[in-house]
Amino acid sequence: MKINKYNTIQPKALVTDGLWRKSISVIRSLGKQNIYVTVCAESLLTTGRWSKFTSKTIKIPTINTNEEVFDSKILSFLANEKDRVVLFPMEDASLIWCSENYNKIKEKVYILLPPKESLEIAENKALTIKQAINNNIPCPKTFFPATPFELINLISEFEGDFVIKPYHGSGSSGLIYGSDVDNYDLEDHWKKNGNLILQERIPSEGYGCGMSILMDKNSEVIAYFGHKRLEQYPNSGGPSTQRIGIKDEYLLELSVKLLKSLKWIGVAMVEWKYNPETEEMVLMEINPRFWGSLELAVRSGVDFPYLYYQLAIGKSLKPITEYRTDLVCRWLLPGDILRYLSKKNKEKLKIFLKDILKQSEEWDKKDIRCFFASFICQILLAINPKYWKYIRR
């Protein structure tokens with residue numbers, strides 16, 4: 001436990017996967033509340049370790065790099081802590097690990113976890129769509145082939161544009177668009193990515209929205225925040241590089257309905273896309289953990305990391321229902337820069353550069369060191385080809 005400058009005692013926090021933008025948002029949010037933050041860092045190039053608000057760093061590989069070492073080091077760290085820590089699993093793999101190992105860690109951590117079966121549904125695009133259909137929530141037309149051969153037959157009969165998605169995965173990883181399907185060996189793609197779904201592709205002029213929600217142990221909404229995508233990379237479909245806050249009661253109602261059907265606990269971001277042909281919003285997926293555009297919510301007045309922290313340690317919170325909708329937040333490096341360079345009909349350079357520092361989610365005048373680390377670490381990481389697969393997430 002750490003005694004802060006106000007002489008009160010509060011639990012420490014442990015943030016996994018310190019590389020990511022969302023992890024930096026969590027570190028900064030908690031650090032500004034004078035909370036002792038330990039960050040899991042795989043290397044010196046893990047951006048989060050350089051934040052002014054990082055109190056301690058422990059060298060731990062990500063689960064995807066080495067699950068056995070991750071498992072042993074996390075358990076060892078928790079065993080050596082005198083008091084329980086608030087655990088922030090930042091990636092799908094670390095969240096799943098927490099769910100699967102809950103009985104091992106429950107006496108050492110404060111954490112908000114959805115039911116295991118609910119997490120399995122949210123992590124699976126096919127099961128998510130089926131859950132939505134069962135609850136009368138609008139979805140794109142979707143097929144669930146059992147084999148690659150059935151997939152090929154469905155494609156031959158499909159009318160209109162389509163996209164092929166793996167059951168598991170983030171962003172644009174593993175996606176195949178109809179216009180590119182002839183360039184792929186679908187049987188091989190199935191072997192590499194697991195089961196695939198075939199889904200109608202929403203026209204590119206349809207905009208994307210996200211409804212981020214924090215729920216307590218009774219699946220009651222404690223906080224929410226809506227945002228609209230303004231730009232993304234890759235331009236064909238990927239993580240947002242520019243976004244702005246919105247208020248949409250209809251999307252909130254649908255998102256809460258879906259999460260309540262799963263008896264959800266903790267954070268999630270429900271993704272939607274507007275179909276201009278049917279003039280309705282349709283469900284894309286559920287992100288069952290902290291999301292890439294988290295910084296916009298924090299800047300707009302919904303401090304999800306600190307709210308999560310307070311809820312996890314048992315504080316009673318009044319629901320947060322008001323937030324700003326006039327702020328634009330940009331994932332600058334490399335996201336928005338790559339988006340600008342690769343876009344055919346790009347805006348003028350003067351427009352691209354307008355308010356670039358102010359809107360950059362990497363920028364924080366109270367954390368200048370981490371701002372520069374965000375650039376230096378990204379540039380050095382770019383030398384490693386395996387890193388580029390994460391840009392498309």
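Throughout, read-outs are computed from the coordinates displayed, never taken from laboratory work. From a predicted model like this one, the values you see are computed outputs, not experimental measurements. Here the Cβ positions follow ideal geometry from the backbone for every residue, glycine too, while neighbour counts run over all protein chains shown.
What number does region 114-248 give for Rg over Rh if you use C-alpha atoms and the Kirkwood radius?
My calculation of the ratio gives 0.99.
With neighbours defined as other Cβ atoms within 10 Å of a residue's Cβ, the residues Phe70, Phe143 order from fewest to most as Phe143, Phe70.
Using Cβ counts within 10 Å as a stand-in for footprinting exposure, how do His227, His168 rank, fewest first?
His168, His227
With kT/(6 pi eta Rh) evaluated at 10 °C and eta = 1.306 mPa s, and Rh the Kirkwood radius from Cα pairs, region 263-370 diffuses with a coefficient of 94 µm²/s according to Stokes-Einstein.
Over all directions, what mean area does the Cα convex hull of region 195-323 project, stated in square nanometres? If you wrap the Cα atoms of region 195-323 in a convex hull and average its projections, you get 8.5 nm². Look at Tyr224, Tyr36 and count the other Cβ atoms within 10 Å of each Cβ; fewest to most, that gives Tyr36, Tyr224. When the Cα positions of Asn193, Val181, Leu154 are compared along the charge dipole of region 141-200, Asn193 comes out farthest toward the positive end, with charges on each C-beta of Lys, Arg, Asp and Glu.
Taking only the Cα atoms of the chain, the radius of gyration and Dmax are 20.7, 68 Å.
In a simple Cβ point-charge model (Lys, Arg +1; Asp, Glu -1; nothing else charged), region 103-189 has a dipole of about 800 debye relative to its Cα centre.
Here the dipole of region 141-200 is about 320 debye; that uses its Cα centre as origin and unit charges on the Cβ of Lys and Arg (positive) and Asp and Glu (negative).
Each 10 Å bin from zero up to the one holding the largest Cα-Cα distance in region 2-111 carries the following percent of pairs: 15, 50, 31, 4, 0.
For region 213-281, state which GluC sites (Glu not before Pro) are in a DSSP loop and have at most 14 other beta carbons lying within 10 Å of their beta carbon.
Glu220, Glu277, Glu279
Entry note, the chain: the mean residue ellipticity at 222 nm calculated from DSSP H runs of n ≥ 4, each adding -39500 (n - 2.57), is -9500 deg cm²/dmol after division by the residues and rounding to the nearest 500.
In the chain, Cα pairs under 8 Å separated by at least six residues give a relative contact order of 17 percent. Placing +1 on the Cβ of every Lys and Arg and -1 on the Cβ of every Asp and Glu, with no other charges, gives the chain a dipole of roughly 2060 debye about its Cα centre.
Which loop GluC sites (Glu not before Pro) in region 48-96, with loop taken from DSSP, have no more than 16 other Cβ atoms within 10 angstrom of their Cβ? Taking region 48-96 and a limit of 16 other Cβ atoms within 10 Å, the loop GluC sites (Glu not before Pro) found are Glu81. Taking a sphere under 11 Å around the Cβ of Gln378 and counting the other residues whose Cβ falls inside, with K and R at +1 and D and E at -1, yields a net charge of 0.
Counting only the Cα atoms, region 155-218 fills a convex hull of 142 Å³ per residue. For the listed peptides 118-130, 199-211, 334-346, a ranking on the average number of other beta carbons within 10 Å per residue, highest first, reads 118-130, 199-211, 334-346. Each label was represented as a point 7 Å from its Cα along the Cα-to-Cβ direction; for Lys257 and Glu68 these points are 4.8 nm apart. Look at the alpha carbon pairs under 8 Å that are at least 6 residues apart: their mean separation over the length of region 141-200 gives a relative contact order of 55 percent. The antiparallel fraction among DSSP beta bridges confined to the chain stands at about 75%.
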